[in-house]
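Derivation of every value follows stated rules applied to the coordinates shown; laboratory data play no part. This is a predicted model, so every value here is computed, not measured. Here the Cβ positions follow ideal geometry from the backbone for every residue, glycine too, while neighbour counts run over all protein chains shown.
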Amino acid sequence: MFLAKAILEGADRGLGGALGGLLGGGGQRRGGGGGGGNIGGIVGGIVNLISEAAAAQYTPEPPPTQQYFTNVEANESEEVRRFRQQFAQLAGPDMEVGATDLMNILNKILSKHKDLKTDGFSLDTCRSIVSVMDSDTTGKLGFEEFKYLWNNLRKWQCVYKQYDQDRSGSLKSSQLRGALQAAGFQLNEHIYEMIVRRYADEDGSIDFNNFISCLVRLDAMFRAFKSLDRDADGLVQVSIQEWLQLTMYS
């Protein structure tokens, strides 16, 4: 619910070129008769963009003001402007992507990565991903929210493959600890054990979609806490309404 600043980390092809590859030859908006065909072309660009990214340390940022986004749009580069235009073709007139759209996109990505062990992203998982990143509570991801998720997916996919040292397609619990640290999350032993119980299979392994679901939630929780910890003392005080807002829509 608390949106962090979306940091563009350019790949060799650039965001505009990558999303152009996503939209393939179709170029039609959803609902225009060719929307289903777009998803297939969309995947290629996402896969290439994610594959080119270098893993980076995660640094949580406080939620930016609306004025920030106004300034960003007014001063964005030509590359980002093209990315925005092409996102409009993916999202349609409302410039937002819902849980079903996100599920289709993510599962198409997975279909191109046979080296990643996964059962696929369920609609419920994608609803959860949307809810924890949905800063304006519209039930969908707008441009900045989608771009923020996109950049995180690029980094986290690289981390996942880096720590899947035996190329099994999944992470063992012993590999998961290093992967979480590489993604920038420093957690104590108790929290780590809770994550294993929540996201790992019975044999202690965690597949790609559960890994991403875990990191999306961790990212949202870190950002939410930082936004509430205004004096940066590591402590926050919330009302019952704030607590319910944080926990129910996630």
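Computed values, structure above
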item	result
Gain upon complete extension [S168, D201; 0.36 nm per residue less C-alpha separation]	10.5 nm
Per residue convex hull volume, Cα atoms of the stretch 151-250, in Å³	118 Å³
Potential lengthening between I240 and S111 on full extension [0.36 nm per residue; Cα-Cα distance subtracted]	42.2 nm
Among 221-227, 198-204, 118-124, the order from most to least packed when residues are scored by Cβ within 10 Å on average	221-227, 118-124, 198-204
